[in-house]
Structure formats: C-alpha cells, structure tokens
Protein chains: 2
Amino acid sequence: MHTKSLQESYSLVKYPLAGHGKRNVEVLKKAFEQISGSIESEMYGKGKVIEDFQDKMANLLGKEAAVFFPSGTMAQQIALRIWCDEKGVAKVAYHPLSHLEIHEEDGLKELHHIETVLLADQTRVIELDDVTGMEEDVACLLLELPQREIGGQLPDYGTLEKISAYCREKGIKLQLDGARLLEVLPYYKKTAAEVCALFDSVYVSLYKGIGGIAGAVLAGSKEFTEKSKVWKRRHGGDLISLYPYILSADYYYDQRSGKMDAYYEEAKELAQLYNSCEGVYTLPTIPVSNMFHVHFEHPKGETEPILIQIQEETGIGFTGNLREKDSHSSYYEVSIGDLYEGVPKDLLNQSFQLLNEKMAKAFE
Amino acid sequence: MHTKSLQESYSLVKYPLAGHGKRNVEVLKKAFEQISGSIESEMYGKGKVIEDFQDKMANLLGKEAAVFFPSGTMAQQIALRIWCDEKGVAKVAYHPLSHLEIHEEDGLKELHHIETVLLADQTRVIELDDVTGMEEDVACLLLELPQREIGGQLPDYGTLEKISAYCREKGIKLQLDGARLLEVLPYYKKTAAEVCALFDSVYVSLYKGIGGIAGAVLAGSKEFTEKSKVWKRRHGGDLISLYPYILSADYYYDQRSGKMDAYYEEAKELAQLYNSCEGVYTLPTIPVSNMFHVHFEHPKGETEPILIQIQEETGIGFTGNLREKDSHSSYYEVSIGDLYEGVPKDLLNQSFQLLNEKMAKAFE
C-alpha cells in the first residue's frame, strides 16, 4: 500500500486552513474574466495599464511615485543599490534572515558588490539598540515587516519611529521590505501611508496577502523611482508586457485589501487552537499579522504521520510542508487567506482535538 | 482641424501590413481560452508547466537543456557572464548595434563588469575577418541572427560555420542572439538545431515572430543552464509564476512556428513593392527573414504626411513609427506576421501606386 506524503495528503484535503486556494491557471483566468480584450498592453513600462496601477500604489503608500517590478528580489536589490550609489558607501544593514541574505543566491553581493551588516539574531527582530550600536557606516538599513522567517514578528511601532528618526539624523536611508505590509496594518492600526512615511523607499509584494500571480511594487520619491527604472532595465525586468501580473494584481488587490483585518483576527483564532495542543506552540504566540509559524516539540519524522492521519480523517488541511528545525523539533508556516472563513467550525475543532490527543500520546 | 499623427493614423487603418495584430489583452485571453484552470502554476522554476516547455525548446534547439527567462536582456547578460567566469576573462565581443550595447542601459557593464569589443560597423554584419582579426582575448562572441538594427541582415551560412570553427579552435564561446532565430531558418534552409549546433549557447525570443506576450529561452549544456538558473535568481527573474508567459508562448509557438516560410516569402514580396517606389528602398534589398527596413530618401517631416494620407485613403497601414535617419532621410522597420496574408491585393497595389506617385512628386 502506498503511503501518502504530507504534500499529497494536503493536496487532497477539502479544507486547507491557510492561503487563498490553489495557485493554478484559474487565478489568471478569473482575474481576466471581466477585463476587456481590447485593453492595450503597456510597452516597456509605458502605457495606461502600468501607469494607472503605479499611481494607485503610490497613492496607497503615500509616496511620490511607484514602479511595478516582476519581483521583489529585483526591486529590493535595486533600492539598496540606488542608496549605496547616492552615499558612495557600498554597505547596507539588514536582518540575518532577510530574503536578500538567504533566498537570492547572493544577488546583492554578486551583481551589486554591496556588503552587508547583519543586525539582531535569528530569534528576534531588529531593535533600536541594534541600529544605534552599529559601528560601521551603511548607506541603508532594510527592515522587513513582518520578519517572515521568525514567524512574522514585528517591532513595536514606537521602535519603528525611533529607528526612523535615528536613521534620518545619521544619514542612513531606510528601506521597507513590506512584502507583507498590508498584512501588518491591522496590528499597528496604521494606514500603509503612515507606516511608509517612516521609510525612504518601500517594496510591497503583490502575490502574498493580495494573492496575485507575481510582481512587486517599489515606491519612493520621483527621483528614486526614475533611477529604479534604469536599473530595472539593466536587470532585464523591463519587459515589453507585464500586464498579466499588473491587471491580476489590481484585481486581487481590490478583492482582498479590505480583508486584512479579517485575516489577522482569524490568524489569532487559529494560533490559539494550535497553542491549546500539547507539544505545539506558535511563533509569535499571538500573531501580529495574518501569518505565524507552528512549532512541534517533536521531530519531523514523527509529527508528519500524525498530520497526515488527521488530514485524511477530517479533511482539514494543516500543511503540506513540515520542516525540520532540529533533530527533535519541526515547524511550518501558516498564512491566513480567503480559505479559512469557509472551514466548518465543528470540523476545525474536531481536528484540533485530534491533534492534541495524538501529540499528547506521542509524548507519553 | 486636428491633424492625425502617424501613430494615430496607423492605429486606425483596417489593414496594417506588419505584425500579428494589436498587442492587447486579447492576446492573453485567446491563449488561455482552451487552457484548463486546473493546471497548476510552476513554483520558482519547478513544475510541469515550465519543465515541459523548456524540454520542448531544448529539443527544438538541439541543446541538452533550456531555461525560460522573463526577458532576453536577462538571459543574454547571464550567458555572457557564465562564459566570462568560466574563462576568467571579463570581456566579450559583439556588433556595435547589439541589443546589449544600445538598449539595455549598459546592464552588462554596470551589473557584470564585462568589457566589450565591438566588431564590424553600423552598416554590415560581423564577418570572419572581423573575428580572426580581433587582437584582444575575449571569453565569448555574440552573434545576432538576423542583425536587427541594420534591417535584419545575415552572414552567409558558410561564414557562420567558419566563425564557429575558428572560435572553437581559439577557445572563444559562441552565443547566439537568436531573438529572431526561427525567422531566419527559411533563408538558411536549416533546422533550428542545425544552426544552434554552431553555438555553445542560444537565446530565442518568444514574442517576436512567435508573438507571445513576453519571455525568452536560453539553451545550452545542462551545466550551463544550471548555472543560468542561479543567475536568474540573482537577477530577480526566478518568479514564483511565469506561466502567463510560458503557456501563451507555447500556444503561439504551436500556431506560428510553421508559418515562418510564409512570412519570409511575404517579406520578399512586400520589399519588392517598396523597392518599386521612387526614393524608397529596403534594407536588405531582398529580405533574408520576415523583417526589413524601409528607407526614404526624404526627411521624416516630409515623408510622414505622405504616409498618413495614403493610410487614411486606402486603409493600408505602412507604419506608425517613422524614424529620422539624418536631416534628409528616414526609415522604419517592418516585420511580417499573421496580418499580411489578409490584406486585399488590389488595395495593396493601389497603396503602393499612390506611394510611388507621391514620392515621385515630392522629388520633383
């Protein structure tokens, strides 16, 4: 008998707890259903389709201008390069688990020859002391809100304000890695523009909470964004047509930007359910966005069969991707999206009862 | 009374002579009409959608492997970087009107710090003597087939073979800028794989003759393409989902790859019509692909009103974009696509009769 993998088991559940649904071609087809075929493609960054959306994003983020990029990887390297060139200092600071440090094959170093200073450590966010205690001169500090790789943690808003004031005083530019910016606004109780006002430049992803197909926006002063367009071309990101991403991002932005409060509340509810199970805890304990990490005080090899069994029994989907933390513990990431609200509560509670029972038994 | 610009006038004609039709959202919608919504997105370069297409392209090009890129700009910089790193020589050679030299904001130099040696001049393609006469040691020679900016000219096939043999002997890698590779196969009477066998690495565009939305393919040995994937991530081109481009490229490839012969024959027919007009000639005189340039021995300011008048009178579209060559001459580019075959012959002949008459009159 073939035993299902966690991934297979998850792909078959009726009620995944996380996300907006499958990343399939339907995401594109649905977005374009109502869009007229006669709308003309933008051409190499010029034209109504891209300019309208950029204006909309600039307005949302309270910045003078915004530029659509195929990826955040490209947008952020370019932002840091611009600030380094401006200051004549090829050095920036960010968190050791920044996307740039661990997921981009060192593009920042290999393509832009920018050195990095790592602030804070792998368990916590960057605090004011980390910034004021920096001995090296950097052109830019990049802050990721929320800090994804540690469960989506956030600094206090007061800390952000102080870091911002300090950096301005010291001539250090502040770049916001706001891949999940909209997702943290309910916790901060701020508008996107209010948060972005603390930063010189801002990147926002269009396929995380918003759930578009791909793409990102980089915003800042007109002078900054104009420079970013030149670098976008150099990177090979100035495609003749980006409209498949732009128009779908716009569609899903309109659908979901108003739901971030609900996702946040649901994340807190779901985290509580996890935290009620023996040997299971979430990071943060109380989420500060739509995301958190679920940790098991039990190795991957022993936790997986339990998750698979409950997923098959209840049709509730916890995850398809359990990661080994170390030899005796494991974890996965949860980001709440459209699906959670459709999960029947009785089934939800039943699945967590089972999880608690099975985890308790595993600890006997 | 408002006088229409050439661009406006062209956008209103019933029968444009060049291209596949408007670059609008319909291009996307049409491609996805028959594609099932349940097809899963690839994820960061992995998955059936991207792998199947890459295999198909590798097979077409006769290379071990192929990688889908969002743009040719990205693909070619990366190809050259790989060859430079391998040889430990940060220098490449190409034509002075190469896309890399004039359309990429010096990405190759700014991002990769690669120096360039310019071969041949702005009137002709690179010949064997240019290559054997090179004094500097380069890691790679890039050849563009056809050389777009000079009307889409081509070297003899024998010259290509000799250049290829020479480069292999001298340890110089040969990169094919095959943005329009499929379009030159009817002239060379070769398969794509036969041409590509002369090169170490190959780039092909998916939105020129094929008429996709955007995207490119880079092909070569498995070792080469695996390295290119690392650089693709560094450039910010390893998007979570490239399927909007991949699936549409695949759709239009299947529609149009068999039509390159027809486009080539039609280009020759159309060029002959232009060459029958006084003060008008094409470059090349007899096209060697689906493209050529139309030159007017008359300044832009005086040629434009003539083109506008004929476009309005006949509904035949010559161009929307006449470029100034110098103070007394002008030109534009023509690439034959799906539209040409639908143009009524009588109207076509009438429009060229008018063009001849009006140009002759302008010369009186």
With one decimal in nm and the nearest listed first, the spacings from B:E226 to its own position in the other copies, using label points 7 Å along Cα-to-Cβ, are 4.6
Between the alpha carbon centres of the stretch A:66-116 and the stretch B:1-76 the gap in Å comes to 30 Å
Given the candidates A:G209, A:V280, A:L97, the one whose Cα lies deepest towards the positive end of the charge dipole of chain A, counting +1 at each Lys or Arg C-beta and -1 at each Asp or Glu C-beta, is A:G209
In this structure, among A:K22/A:K229; A:K232/B:K109; A:K14/A:K300, pairs with alpha-carbon gaps over 26 Å are A:K22/A:K229
Sorted by chain and number, the residues with a modelled amide H under 5 Å from that of A:F69, at a separation of 5 or more or across chains, are A:A216, A:V217, A:L218
Taking only Cα atoms of the stretch A:137-222, the Rg to Rh ratio with Kirkwood Rh works out at 0.96
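I'd like the GluC sites (Glu not before Pro) in the stretch B:32-126 restricted to DSSP loop residues with at most 13 other Cβ atoms within 10 Å, sorted by number. Mind dumping the intermediate values first?
On the way: sites: B:E33, B:E40, B:E42, B:E51, B:E64, B:E86, B:E101, B:E104, B:E105, B:E110, B:E115; in loops: B:E42, B:E64, B:E104, B:E105.
When the GluC sites (Glu not before Pro) of the stretch B:32-126 are filtered for loop state and at most 13 Cβ neighbours within 10 Å, B:E64 remain.
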Cα-Cα pairs in the stretch B:246-364 separated by more than 25 Å, as a whole percent of all pairs, come to 25 percent
Amide H neighbours of A:G317 at under 5 Å, excluding residues fewer than 5 places away on the same chain, with H built from the backbone geometry, are A:Y15, A:L17
Among GluC sites (Glu not before Pro) in the stretch B:186-268, those in a DSSP loop whose Cβ has at most 10 other Cβ atoms within 10 Å are none
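Count neighbours as other Cβ atoms within 10 Å of each site's Cβ, and list the trypsin sites (Lys or Arg not before Pro) in the stretch A:156-259 that are DSSP loop with at most 15 such neighbours. Don't jump to the answer; show the numbers that get you there.
On the way: sites: A:K162, A:R168, A:K170, A:K173, A:R180, A:K189, A:K190, A:K208, A:K222, A:K227, A:K229, A:K232, A:R233, A:R234, A:R256, A:K259; in loops: A:R180, A:K189, A:K190, A:K208.
Counting only loop positions with at most 15 other Cβ atoms within 10 Å, the trypsin sites (Lys or Arg not before Pro) in the stretch A:156-259 are A:K189.
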Inter-copy distances for B:L347, nm, shortest first, label points 7 Å along Cα→Cβ, are 5.8
In this structure, the FRET efficiency calculated for A:A360 and A:D254 from their beta-carbon separation, with R0 = 56 Å, to the nearest 0.05, is 0.80
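Just the number, please: carbon plus sulfur as a percent of the accessible area of the stretch B:264-317, 1.4 Å probe, no ligands or DNA/RNA counted.
On the way: 1000 of 2000 Å².
Carbon and sulfur: 50 percent of the exposed surface of the stretch B:264-317.
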Tilt, helix A:157-170 to longest principal axis of chain A (alpha-carbon atoms), in degrees rounded to tens, equals 30 degrees
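With r defined as the distance between the Cβ atoms of A:R323 and B:E341 and R0 fixed at 60 Å, what FRET efficiency is calculated, to the nearest 0.05?
Efficiency at R0 = 60 Å is approximately 0.60.
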Residues other than B:P287 with Cβ under 11 Å of its Cβ, Lys/Arg counted +1 and Asp/Glu -1, net out at -3
The correct pairing of chain B residue and whole-Å distance, for the Cβ nearest the axis that maps B onto A, is B:P244, 2
Within chain A, the percent of DSSP beta bridges that are antiparallel, given to the nearest 5, stands at 55 percent
Taking Cα atoms only, helix B:222-235 is inclined relative to the longest principal axis of chain B by an angle, in degrees rounded to 10, of 70 degrees
Simple spin-label estimate for A:Y166/B:H113, 7 Å along Cα→Cβ, in nm, reads 3.3 nm
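Looking at the protein assembly as shown, what % of its DSSP beta bridges pair antiparallel, to the nearest 5?
Numbers: 50 of 86 bridges.
If I count the DSSP bridges inside the protein assembly as shown, around 60 percent turn out antiparallel.
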Cβ-Cβ cut-off under 14 Å around A:C84, Lys and Arg +1, Asp and Glu -1: the net charge is -1
Taking only C-alpha positions in chain B, Rg and Dmax in angstrom work out to 21.3, 66
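Enter the mean projected area of the convex hull around the alpha-carbon atoms of the protein assembly as shown, in nm², rounded to one decimal. Each step should come with its number before you reach the end.
Values: hull surface 141.9 nm².
Mean shadow area of the hull around the Cα atoms is 35.5 nm².
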Averaged over all viewing directions, the convex hull of the alpha carbons in the stretch A:218-296 casts a projected area in nm² of 8.1 nm²
Here the Cα Rg-to-2.2 N^0.38 Å ratio for the stretch B:1-156 is 1.37
Taking Cα atoms only, helix B:243-256 is inclined relative to the longest principal axis of chain B by an angle, in degrees rounded to 10, of 60 degrees
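Where Lys and Arg each count +1 and Asp and Glu each count -1, what net charge lies around A:S228 among other residues with Cβ under 11 Å from its Cβ?
Values: positive: A:R81, A:K222, A:K227, A:K229, A:K232, A:R233, A:R234; negative: A:E223, A:E226, A:D238.
The answer is +4.
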Taking the label point 7 Å from Cα along the Cα-Cβ vector, the copy-to-copy distances for B:P96, listed from shortest in nm with one decimal, are 5.4
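How high is the relative contact order of the stretch B:37-196? Use alpha-carbon pairs under 8 Å, at least six apart in sequence, and give a whole percent.
Working: 200 pairs, mean separation 35.5, N = 160.
Computed over the stretch B:37-196, the figure is 22 percent.
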Debye calc, one equal point scatterer per Cα of the stretch A:41-239, no solvent, log10 I(q)/I(0) at q = 0.09, 0.13, 0.15 1/Å comes to -0.29, -0.64, -0.87
The ³J(HN,Hα) series, computed from each phi in the stretch B:182-196 with the Karplus coefficients 6.51, -1.76 and 1.60 at θ = phi - 60°, rounded to the nearest Hz and given as x for glycine or proline, is 4, 6, 9, 4, x, 5, 6, 6, 10, 7, 4, 4, 5, 5, 5
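The values are calculated or read from the model by the stated rules, or taken from the named source; none is laboratory data. Small disclaimer: the values here were computed from a predicted structure and weren't measured. Quick reminder, even Gly has a Cβ in these numbers, built from the backbone with ideal geometry, and neighbours come from all protein chains shown. These accessible areas exclude ligands, DNA and RNA; they are computed on the full protein's heavy atoms, side chains included. Shrake-Rupley method; radii C 1.70, N 1.55, O 1.52, S 1.80 Å.
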